[in-house]
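For reference, the structure discussed in these notes is given below.
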């Protein structure tokens with residue numbers, strides 16, 4: 001027997017990759033443990049998207065190198081960082097036994113077995129079924145519906161890491177979600193680099209909308225959350241389905257990256273200020289109770305003061321309910337790194353802070369408007385002070401805020417995955433507080 005432990009850095013898509021690696025190893029006869037200190041092998045799945053993620057991954061590699069060396073364990077490093085920087089990493093970090101990128105991570109079992117020639121493994125009776133393992137809490141799961149990306153954003157390394165866009169066949173996605181529901185999952189979060197391109201590469205082609213209509217039929221799934229919609233591919237049909245669906249969360253995660261046409265052009269984005277305005281108005285009109293999450297990059301090469309003013313004005317105009325802001329990260333191998341007129345880091349940080357101050361004002365007003373309203377929430381768990389930690393349909397797990405309930409019947413507390421109706425009593429900077437008004441919010 002060979003026992004393997006995993007650690008994962010980065011986004012939910014990386015977590016799904018780890019789940020799939022575990023499924024393969026189990027089918028090959030490996031034992032998987034949550035207790036790193038009991039493992040023969042430690043596998044670290046890395047992120048290599050931007051500089052900060054790379055720095056974090058390298059630091060964790062160094063920390064785990066010392067740990068595995070002390071405990072005489074095999075150390076495997078896999079994932080995006082290795083796909084980008086395998087040669088320099090392997091030259092500088094000699095304590096790592098196995099290096100595998102995204103493209104060859106399927107070789108993990110074979111590489112591990114070669115280091116344990118005297119260990120005998122008993123493969124499972126059936127081949128690996130991707131999606132059996134879920135590392136999330138039991139009531140929600142990430143379902144990857146595609147990998148890779150065909151977009152050519154000038155700042156992004158994803159196509160070079162993940163390759164071209166490849167949709168997972170609908171039958172496999174539905175099987176994954178159905179099994180998750182049988183295991184008690186109430187909320188599925190669909191993930192890909194761009195879920196709105198789903199199915200275009202298949203033969204015959206299908207659409208995200210057609211997939212969603214099938215997923216809606218699965219008993220036990222209460223919420224379907226859409227993460228990472230590419231704006232140019234958001235169709236009227238998709239918007240209409242979200243508007244009427246009782247299961248699809250009224251939550252649209254649509255990274256816009258900027259609101260200035262000139263910056264968008266330099267980013268090699270197909271949208272412009274007018275097309276974004278048209279799309280946002282269409283979404284708001286069709287789905288009045290929608291919450292829109294987006295992300296912006298500030299300090300992109302050539303971003304003039306006028307461009308930044310356009311972005312800030314857009315924030316005030318559109319009042320996005322959820323927002324992530326990043327300073328530009330010049331990545332090796334991207335066109336954006338070669339552009340002239342790079343913005344000084346201090347200027348980029350100043351713009352970041354200014355944008356976040358404006359967003360904080362927007363969120364404060366938004367949360368205040370929710371006080372007194374009755375909302376349906378899902379229970380995630382309990383805080384250290386025993387408050388119930390919940391989320392609305394407008395809050396993605398591990399990303400957005402929470403609704404906290406401090407007063408409840410402690411003799412019969414709700415369980416993670418339960419749905420409650422809650423009245424909002426107060427608002428914090430990002431979180432809400434409330435009281436239970438109905439414990440049977442099915």
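The values are calculated or read from the model by the stated rules, or taken from the named source; none is laboratory data. What you see is a predicted model; the values in this text were computed from it and never measured. Positions of Cβ are backbone-derived with ideal geometry, glycine not excepted, and every protein chain shown enters the neighbour counts.
Restricting attention to segment 180-208, the residues being surrounded by fewer than 20 Cβ atoms within 10 Å (Cβ to Cβ) and either under 17 Å from the mean Cα position of the chain (by Cα) or free of Cβ contacts under 8 Å to residues at least 24 places away in the same chain (or both) number 3. Against the list (1) touching a strand residue (DSSP E or B) at 6+ places or on another chain (Cβ under 8 Å); (2) buried (at least 19 other Cβ atoms within 10 Å of the Cβ), the condition residue 314 fails is (1).
Restricting attention to segment 1-33, the residues that are in a helix (DSSP H, G or I) and out of contact with any helix residue (DSSP H, G or I) (no Cβ under 8 Å at 6 or more places or on another chain) add up to 11.
Under 26 Å from residue 172 (Cα atoms), free of Cβ contacts under 8 Å to residues at least 60 places away in the same chain, assigned by TED's automatic domain parsing to the domain that holds residue 9 and out of contact with any helix residue (DSSP H, G or I) (no Cβ under 9 Å at 6 or more places or on another chain): is that true of residue 56 in this structure? So residue 56 fails the test.
When residues in segment 182-204 are screened for being out of contact with any strand residue (DSSP E or B) (no Cβ under 8 Å at 6 or more places or on another chain) and either closer than 18 Å to residue 236 by Cα or in a helix (DSSP H, G or I) (or both), 2 of them pass. Does residue 357 count as surrounded by 16 or more Cβ atoms within 10 Å (Cβ to Cβ) and modelled with pLDDT of 95 or more? The answer is no for residue 357.
So, in segment 325-344, of the ones that are out of contact with any strand residue (DSSP E or B) (no Cβ under 7 Å at 6 or more places or on another chain) and not in a loop (DSSP other than H, G, I, E, B), which residue ends up nearest to residue 263 (Cα to Cα)? Steps first, please.
The initial filter retains those residues of segment 325-344 that are out of contact with any strand residue (DSSP E or B) (no Cβ under 7 Å at 6 or more places or on another chain), namely 329-344.
If we keep only those that are not in a loop (DSSP other than H, G, I, E, B) as well, we get 336-338.
On the way: 336: 11, 337: 14, 338: 15 Å.
Taking the candidates together, the pick is 336.
Of the residues making up segment 393-423, those that are part of a strand (DSSP E or B), in contact (Cβ under 8 Å) with a residue 40 or more places away in the chain and under 27 Å from the mean Cα position of the chain (by Cα) are 419, 420, 421, 422.
Give 210, 262, 295 a once-over and let me know the one that is at pLDDT 95 or above and in contact with a strand residue (DSSP E or B) (Cβ under 9 Å, 6 or more places away or on another chain). Even if it seems obvious, please write down each step before you answer.
Details: 210 fails: in contact with a strand residue (DSSP E or B) (Cβ under 9 Å, 6 or more places away or on another chain); 262 fails: in contact with a strand residue (DSSP E or B) (Cβ under 9 Å, 6 or more places away or on another chain).
None of the others qualify; the one that does is 295.
Of the set (1) crowded, with 21+ Cβ neighbours inside 10 Å; (2) at pLDDT below 95; (3) not in a loop (DSSP other than H, G, I, E, B), all apply to residue 177 but (2). Each residue in segment 37-51 was checked for being over 30 Å from residue 159 (Cα atoms) and surrounded by fewer than 17 Cβ atoms within 10 Å (Cβ to Cβ), and 2 pass.
Quick one: which of 296, 382, 300, 328 is without any contact (Cβ under 8 Å) to a residue 60 or more places away in the chain and under 22 Å from residue 51 (Cβ atoms)?
Numbers: 382 fails: under 22 Å from residue 51 (Cβ atoms); 300 fails: without any contact (Cβ under 8 Å) to a residue 60 or more places away in the chain; 328 fails: without any contact (Cβ under 8 Å) to a residue 60 or more places away in the chain.
Going through 296, 382, 300, 328 in turn, the sole match is 296.
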